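The values are calculated or read from the model by the stated rules, or taken from the named source; none is laboratory data. Given the structure is predicted, the values throughout are model-derived calculations rather than measurements. Here the Cβ is made from the backbone with ideal geometry for all residues, glycine too, and neighbour counts use every protein chain on show. Ligands, DNA and RNA are excluded from the accessible area calculation, which covers all protein heavy atoms including side chains. Shrake-Rupley method; radii C 1.70, N 1.55, O 1.52, S 1.80 Å.
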Amino acid sequence: MKQLKILCVHGVGNHPVGGPWEGAWKSSIQDSIRNVDPEIETNIEFVYLDSIFIDFKINAVDVLEALFKLGSSGAGNVFRQPKGLGDIVRWTAGMIVQWVENDKLRTRTRQALEQRMAEFQPDIVCAHSLGSLVAYDCFTGSGKDLLQGVRFVSCGSQIGNPFVIGNFDAGRISELPQAKFWYHLFNSEDAVFTAQIRLSSPNFTQVETFFDIDGVADHDVTQYMSDARTVETVWTDVIMDLHNNLPRRVLPPKARLSANAKKIARPPQRRALLVGINEYADPSQNLEGCVNDVFLMSSLLQESGFEAEDIRVVLNERATHQGLCERLKWLLDDAQDGDVRFLYYSGHGAQVPAYGMGDKVDRLDETLVLHDFDWSRERSFTDDDFHSLYSQLPYGVQFLAVFDCCHSGGMTRAGGRKIRGIDPPDDIRHRMLRWDAKREMWVERELVSPQKEFDKHFNSAKRSSSSTMKKPSATHRLGQAMDLRAYTPAKLNAKAKSRGHHGPYLPVIIHASREDQFSYEYQHGAIAHGAFTYCLVKAVRADRRLKKPKLTFNSLIALVGKELAGLGYEQEPGLVAPSSVKSGPVPIK
């Protein structure tokens, strides 16, 4: 009879040796495996971490700070979850943050797992919640050799939480090349600060489990282990491999090498996604030039070597939050070194005050105003949505995003020029106001950006000192992955080097205006366009006609800004990119 040796790593909670929780874990795994092959015998053992957690006390203040750090990050705002939070969820948050920030705690948990791995030599490691962080820490560090040929199953995991990535992993999730395979079980209903993992690796897959059970959080490990998709994907692969058949998701060494060689050998690809919205649910918000902008940009891209079949367009009522997310996955999936990916958006922009700790507004998110936008988090496309899609891209990919919209709010002004931004309704606007009793007037609240120092090095779209605008500054600018930037550039580089990578992938972002300015429409005779878009395309085409084209990102922004100023538009385009990229060539000329 064939046997599987499985080592389980628990998270925070009551996990006494020999307690009923062990039987629940064993039953859920054994029953799932028997559904595939009743003849398989399992030997399941555990790593016990409670005695370590107890030595690292946390108090109510620690818990509140942890809830803020984890809950206000890009994994979604847990304070808006309808099910609320139980005590175990709160204390789990506290211990997760302490684990991330406390070297001694991480060392002790890592050593405990290393010892059990060496003693037991499992075929599979199943890790839940904080236990998955312990395992990930071990397998990307001193215990990496212990994972050789072992399958790793993470579930209810915070590995992908932006706070965890930014502070523990320097903004980028590491691959586990020594593992036989890594399965990440993700339940979108799990409210315990979990997140998806988008990792391009030949031995990784994310399994979209889904369960919605009574009680708090949908975080139960037995539900993860016994979910039908887990059985179909994880346990079926395991059994097929045990019987020396070819698993669906694991190639033998020779086949895997040839697959990697094939991946490297394919010609570089170019893909573009173009979004334009003229027609909104509220007709008073309609624009005129956005669809024209999309066709203009498509013509420029095709002149620049993009094939028509590699350019996707989404317009008006089809440009919903769900529609954009689905198409962005097409745009960025399977990207490899040498590929070019281009995103263009023409429409309204806005700023959304967002809730954080204690249901208090503590951040101001820039958002694209898609067709179904209603000022809710679910239908806002913010920096959180954006960076979750691109932060794990290969470093050799060129990803350029251009936004012809404004994020400071405002509608039509004198002269007939339409502004590409919308004002919030009064209940949303109230979130950003406070009553000044001395003046007996309403004034704007001030919110502090979490990454001021880092922002200085990457964002040239600054508010000028001479600006008369009194709009509050966005704490999370679209495309800048603020939640992944836990360090200044120098500290980020040092931390990333210690983790064996170069930090999060950062795209090149071009904004049509500074955050305290408006973006305008332009009438080209009887045809409407975005003023910024029209000037940008004009500048690129003019450079192409030169004998020696010399356009860089910096020079492009300068040329477009000069053209807009000459036409009387009070908008200055901005460039967000590392310094080394700003002086580099534009990939669409």
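As a calculated quantity, the FRET efficiency between residue 488 and residue 337 at R0 = 35 Å, using C-beta atoms, amounts to about 0.80.
Given a Förster distance of 45 Å, report the FRET efficiency between residue 565 and residue 310 from their Cβ-Cβ distance, rounded to the nearest 0.05.
0.85
Shown is the FRET efficiency for residue 288 and residue 547, computed with R0 = 30 Å from the Cβ-Cβ distance and rounded to the nearest 0.05: 0.20.
Placing dummy labels 7 Å off each Cα toward the beta-carbon, the span from residue 555 to residue 322 is 4.7 nm. Scattering from the C-alpha atoms of the range 91-237 alone, worked out with Debye: what is log10 I(q)/I(0) at q = 0.09 1/Å? Each listed q maps to, in turn, -0.25. For residue 538, the aspartates and glutamates whose Cα falls under 20 Å of its own Cα, not counting residues fewer than eight places away in the same chain, are 288, 293, 303, 404, 521, 563, 570, 572. Of the listed residues 29, 311, the order by accessible area with a 1.4 Å probe, largest first, is 311, 29.
Across the range 171-186, rounded Karplus estimates of 3J(HN,Hα) from the backbone phi angles (6.51 cos²θ - 1.76 cosθ + 1.60, θ = phi - 60°) give x, 8, 7, 8, 6, 10, x, 7, 6, 5, 6, 10, 9, 10, 8, 10 Hz, Gly and Pro being marked x.
Each of residue 178 and residue 59 was given a label point 7 Å from its Cα along the Cα-to-Cβ line. The distance between the two points is 4.0 nm.
Per residue, the range 506-589 exposes an accessible area of 43 Å² to a 1.4 Å probe, with every protein chain left in place. Past 21 Å, Cα to Cα, is the threshold; run 329/495; 180/495; 57/495; 562/582 against it and keep the listed order. Beyond 21 Å: 329/495; 180/495; 57/495.
Length gained on full extension, residue 213 to residue 374: 55.1 nm, using 0.36 nm per residue less the C-alpha separation.
The alpha-carbon of residue 2 sits under 14 angstrom from the alpha-carbons of these aspartates and glutamates, leaving out residues fewer than 8 places away in its chain: 37, 39, 41, 123, 241.
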